[in-house]
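Each remark here refers to the structure printed beneath this line.
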Amino acid sequence: MPLSGPLRLPSGDGRSRLLQISAPLLDTTMDQLRTLLVVYEEGTALAAARALGREQSSVQKQLDTLNRNFRRLCGEALVIKQGRGKKVLFTGSGLAFVETARRTLGDWLDGIDESRRLLGETLTVGTTRFTLGFLANAAEHIGAEFQERGIELKIVHLRTRDLLTALRDKQVDLVCGSALARSGDDEGLAPYDVMEWRRSGLSLVTNLPESPLLGASVGASELPTLPLVIPASGLISGFLGGWFGAEYRGRLDIAAEIDDVRYGFELLRSDLLQACMLVTQGIGEAADDGRMPEGQGLRTVELVNDLEPKLEVLVGAFTRRGERPGYDDDHPLNLLWNALSLENDRWKAMEPS
């Protein structure tokens, strides 16, 4: 049976995920599993038929076949009809079988996606908000070839704290963003091939007036004396944990914890509190020179790393170590990597010496 459109399946953590079915055909068993899962999610055979683009009678026929075969094998039906327009009732055995079907079909689809990736038919790239423009510029170098060869480029928005985890777990093939690094020692990045674009430190964005303690720059050792706005997790937390230990929250004056830097800017501009927000140096510079309107009316203070270990923000592109050499030069991953390298060279040539 021809397939079209994405299939929504509930994942193990209870959220729905979109799986793009790429194979042109499913065998009868797999198609029945798919139908059962869609009925479970949509609630009725009619709603499932609409989601699948089929006639209700086709969906009902598959349910009846599954019911009949399962009852013969196990002694209990999978589902019980509740009457016209009512939700399908899943038996205890039916609910257990739904989990089995989810894993079976999910593994099958993952295998298809993995095969497409290895064959160079698709490439999934994760990027943060702040590196999206760099990726877009690089993609211009290869866009025509990707289109001509029918290569599907998928873009995934990731938070900095999730970048390397998504890459390690093979949710993406390449990521663009920031990672925590030690000056002169990148052992923590050993599992990855790294294209370094920039290394920098942290800055403070604040609504506090300039003072002898908080002038144009301040040492990291002075952070315990300042009211701080910090992310709840991620790269900044890695800095604080490295400098002040795992219990850094007890050693610092934390005025607010945030989950998004834009909220932090809004919080400082609201004057609900007077504090300093820890950000990467790149964000601090963008706020200071007007490239981030959210930072209007705030000032940026340089944070001098006067503590050990010497930690840095490494901005760049990352892939799983050793994966690219296993592909041909014209594999999409190598094409994009080379395009990013060209874009990196172009930007470095524009930087003042």
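The values are calculated or read from the model by the stated rules, or taken from the named source; none is laboratory data. Note that the structure is a prediction, hence the values are computed from the model and not measured. Quick reminder, even Gly has a Cβ in these numbers, built from the backbone with ideal geometry, and neighbours come from all protein chains shown. Surface areas here come from the heavy atoms of the whole protein model, side chains and all, with no ligands, DNA or RNA. Shrake-Rupley method; radii C 1.70, N 1.55, O 1.52, S 1.80 Å.
Recomputing mean projected area of the Cα convex hull in nm² from the coordinates shown identifies the correct label among [x] 23.6; [y] 21.6; [z] 16.5 as [x].
Between the helical axis of 235-244 and the longest alpha-carbon principal axis of the chain there is an angle of about 50 degrees.
Using a 7 Å offset from the Cα along the Cα-to-Cβ direction at both THR165 and ARG149, what is the distance between the two label points in nm, to one decimal? For THR165 paired with ARG149, the spin-label model returns 3.2 nm. Between helix 28-42 and the chain there is an angle of about 60 degrees, using the helix long axis and the longest principal axis of the Cα atoms.
Using the beta-carbon distance between LEU213 and ALA96 and R0 = 56 Å, what value does 1/(1 + (r/R0)^6) give for FRET efficiency, to the nearest 0.05? Could the numbers behind the result be given before it?
Working: r = 63 Å, r/R0 = 1.12.
For R0 = 56 Å, the calculated efficiency reads 0.35.
Amide H to amide H distances under 5 Å link VAL79 with THR91, where only residues 5 or more positions off or on other chains count and H is placed in the peptide plane.
Of all DSSP bridge pairs formed entirely within the chain, close to 65 percent run antiparallel.
Would you please classify the overall shape of segment 276-341 from the alpha carbon gyration tensor, given that a ≥ b ≥ c denote the square roots of the eigenvalues, rounded means a/c under 1.5, and beyond that prolate means a/b larger than b/c while oblate covers the rest? Here segment 276-341 falls in the oblate category. Here segment 34-67 and segment 202-256 have alpha carbon centers that stand 55 Å from each other. Look at the dipole of the chain built from charges on Cβ: of LEU189, ALA49, LEU240, the Cα furthest out on the positive end belongs to ALA49. Computed with a 1.4 Å probe over protein heavy atoms only, the accessible surface of segment 141-207 comes to 52 Å² per residue. Per residue, segment 241-353 exposes 53 Å² of accessible surface when a 1.4 Å probe is rolled over the protein heavy atoms with every protein chain present. Placing unit charges on the Cβ atoms of the charged side chains and taking the dipole of the chain about its Cα centre, the candidate lying farthest along the positive direction among ASN67, LEU311, PHE265 is ASN67.
Calculated FRET efficiency, GLU257 to ARG72, Cβ-Cβ distance, R0 = 45 Å: about 0.20 to the nearest 0.05.
Eight or more residues apart or on different chains, and alpha-carbon atoms under 23 Å: count the Lys pairs in the chain matching that. Spell out each step's value before the answer.
On the way: LYS61/LYS81; LYS61/LYS86; LYS61/LYS87; LYS154/LYS170.
Lysine pairs satisfying the spacing and distance rule in the chain number 4.
Note on TRP347 and ARG182: the model spin-label points, each 7 Å out from Cα along the C-beta direction, lie 2.7 nm apart.
Using just the helices of the chain, give the 222 nm mean residue ellipticity in deg cm²/dmol: DSSP H runs with n ≥ 4 each add -39,500 (n - 2.57), and the total is spread over all residues, rounded to 500. Walk me through the numbers before you get to the answer.
Values: 12 runs with 141 residues, N = 353.
Rounded to the nearest 500, the figure is -12500 deg cm²/dmol.
Give me the percent of the accessible area of segment 309-353 that comes from carbon and sulfur atoms, probe 1.4 Å, all protein chains in place.
On the way: 1200 of 2340 Å².
The C+S portion of the solvent-accessible surface of segment 309-353 is 51 percent.
For the pair GLU247 and ARG321, the difference between a 0.36 nm per residue extended length and the Cα-Cα distance amounts to 23.4 nm.
Between THR104 and GLN274, the simple label model (points 7 Å from Cα in the Cβ direction) yields a spacing of 6.7 nm.
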